[in-house]
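So the structure is just underneath, and the comments pick up after that.
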Amino acid sequence: MRLLPRQEKFFELFLNQVRVIEEAAQLLAEGARNGNSQLARNAVRIKQLEREGDEIAHDIFTKLNQTFITPLDPEDIHGLSSRLDDVLDDIEDSAYRMAAYRLEPIPATVIELCDIVHQCTRALVKAFEALNKEAPLLDHCIEVNRLEDYADEVLRRAIASLFEQEKDPILLIKLKEVYEFLEDTTDRCEDVADVLQNVVVKNA
């Protein structure tokens with residue numbers, strides 16, 4: 001019996017945090033597909049999920065300060081939770097702007113980028129489930145990296161097309177900002193995947 005047992009509660013908290021993120025991403029994608037009325041309703045729920053995510057991150061940091069022996073290096077636990085929080089913040093920011101700008105119709109590029117964000121978060125859920133089971137997780141991280149690269153390609157094509165075809169300068173600014181926020185969200189997902197890969201290397 002360990003006198004100072006490893007605290008496995010962190011894995012459960014990570015799973016809770018990443019599942020909240022995946023739910024928010026699903027709501028974002030559904031809102032984009034179903035139009036502004038649905039998007040506005042979903043944005044309210046996403047804001048609630050963002051608060052729930054903040055509470056989970058706070059629980060992780062509190063537990064980190066109270067735990068002598070952690071299942072991962074303390075800096076890795078802090079880094080993972082902080083970067084997961086960044087993903088949720090970006091999803092909430094994207095939902096807020098899309099709802100506020102009331103794009104009509106919602107462009108196919110926005111829908112595609114929202115779907116990519118959702119796919120990234122689903123891959124992260126699988127990665128954290130694997131971490132919890134001490135199963136291989138690198139394939140899920142590689143999938144996040146692949147999706148981020150694809151989102152970057154979508155963004156570049158979309159912005160080039162935007163400046164070539166869009167004549168309304170206000171709409172151009174709105175669309176460019178939404179595109180960039182969504183692509184930035186995939187960057188934040190990749191940040192999580194990068195930390196996870198470093199954790200695997202350190203603990204191999």
Q: Might you check whether a residue that is under 24 Å from Val199 (Cβ atoms), among the polar types (S, T, N, Q) and part of a helix (DSSP H, G or I) occurs anywhere in the stretch 7-30?
A: yes
(Q) Suppose we filter the stretch 102-111 for residues that are assigned to a helix (DSSP H, G or I) and buried (at least 18 other Cβ atoms within 10 Å of the Cβ); how many remain? (A) 2
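Counting only residues that are surrounded by 18 or more Cβ atoms within 10 Å (Cβ to Cβ) and either under 14 Å from Glu22 (Cβ atoms) or at pLDDT 95 or above (or both), how many does the stretch 127-136 have? Step through it out loud before you land on a result.
Pass one, the stretch 127-136, residues surrounded by 18 or more Cβ atoms within 10 Å (Cβ to Cβ): 127-128, 130-131.
This time we only want the ones that are either under 14 Å from Glu22 (Cβ atoms) or at pLDDT 95 or above (or both), so: 127-128.
Going through the stretch 127-136 one residue at a time, the tally reaches 2.
Take the conditions without any contact (Cβ under 8 Å) to a residue 40 or more places away in the chain and β-branched (Val, Ile, Thr) and apply them to Ile170. Does it pass? Let's see the steps before the verdict.
On the way: without any contact (Cβ under 8 Å) to a residue 40 or more places away in the chain: yes; β-branched (Val, Ile, Thr): yes.
Spelling it out, Ile170 is indeed without any contact (Cβ under 8 Å) to a residue 40 or more places away in the chain and β-branched (Val, Ile, Thr).
Can you find a residue in the stretch 155-165 that is buried (at least 17 other Cβ atoms within 10 Å of the Cβ) and in contact with an Asp or Glu (Cβ under 6 Å, 6 or more places away or on another chain)? Don't jump to the end; show me each part of the working.
Let us first name the residues in the stretch 155-165 that are buried (at least 17 other Cβ atoms within 10 Å of the Cβ), namely 155, 158-159, 162.
Checking which are in contact with an Asp or Glu (Cβ under 6 Å, 6 or more places away or on another chain) leaves us with 155.
Yes.
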Q) Here are Ala95, Ala40, Ala57: which of them is among the hydrophobic types (A, V, I, L, M, F, W, C), in a helix (DSSP H, G or I), touching a helix residue (DSSP H, G or I) at 6+ places or on another chain (Cβ under 8 Å) and surrounded by fewer than 16 Cβ atoms within 10 Å (Cβ to Cβ)? A) Ala40
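The values are calculated or read from the model by the stated rules, or taken from the named source; none is laboratory data. In this text, all values refer to a predicted model and were calculated from it rather than measured experimentally. Glycine gets a Cβ as well: all are built from the backbone with ideal geometry, and neighbour counts include every protein chain shown.
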